[in-house]
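One structure is given below, encoded as structure tokens.
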Amino acid sequence: MKLFNIFDTTGALGAFTAAMGCASCFPALGSLGSALGLGFLAQYEGLFINTLLPVFAAIALGANLFAWFSHKIWYRTLAGITGPSMVLLTLYPLWSYAWSTWLLYAGIVLMLIVAIWDIISPPHKVCGSCTVDEGEHSHV
């Protein structure tokens with residue numbers, strides 16, 4: 001379970017860092033990256049957008065899909081796969097549309113929000129075979 005959280009967080013933070021290194025593609029994130037001392041990453045912009053961003057999004061997507069088998073909480077899984085799916089869809093089939101930049105921003109922000117959510121409140125396994133004594137409430 002912890003392994004999936006590590007992969008999900010790594011994927012989200014890696015995608016965010018890759019986006020911060022691309023000042024010409026993402027001016028707001030590029031400014032933040034420069035303010036944090038990541039301005040030297042601008043020379044690797046093509047590598048970040050074409051390679052690292054999709055790789056980290058795919059890691060986050062896979063980690064969230066596999067985590068479903070551990071916790072079986074549908075809304076966490078849906079929130080976890082939506083951001084990376086938006087990023088991957090934007091980078092490949094939807095890149096030529098004018099609105100795709102906003103979809104990419106939204107996907108990266110959603111990935112970050114879900115990663116923070118997983119750090120603050122990790123999902124707990126919901127078991128269907130647990131017995132509940134009379135007077136106790138179920139945690140489902």
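The values are calculated or read from the model by the stated rules, or taken from the named source; none is laboratory data. Predicted model only: the values in this text are computed from it and were never measured. In this analysis, Cβ positions are derived from the backbone assuming ideal geometry, glycine residues included, and neighbour counts consider all displayed protein chains.
Here is a yes/no grid of residues against (1) at pLDDT 75 or above; (2) within 17 Å of LEU112 (Cα to Cα):
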| position | (1), (2) |
| --- | --- |
| ALA12 | no, yes |
| ALA19 | no, yes |
| ALA23 | no, no |
| PRO27 | no, no |
| VAL55 | yes, yes |
| LEU61 | yes, yes |
| ARG76 | yes, yes |
| ALA79 | yes, yes |
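Do we have SER85 as among the hydroxyl-bearing types (Ser, Thr, Tyr), in contact with a helix residue (DSSP H, G or I) (Cβ under 7 Å, 6 or more places away or on another chain) and over 16 Å from GLY11 (Cα atoms) here? When the stated conditions are applied, SER85 does not pass them.
Annotation note: of SER96, SER129, SER85, SER70, the sole residue that is at pLDDT below 70 and polar (S, T, N, Q) is SER129.
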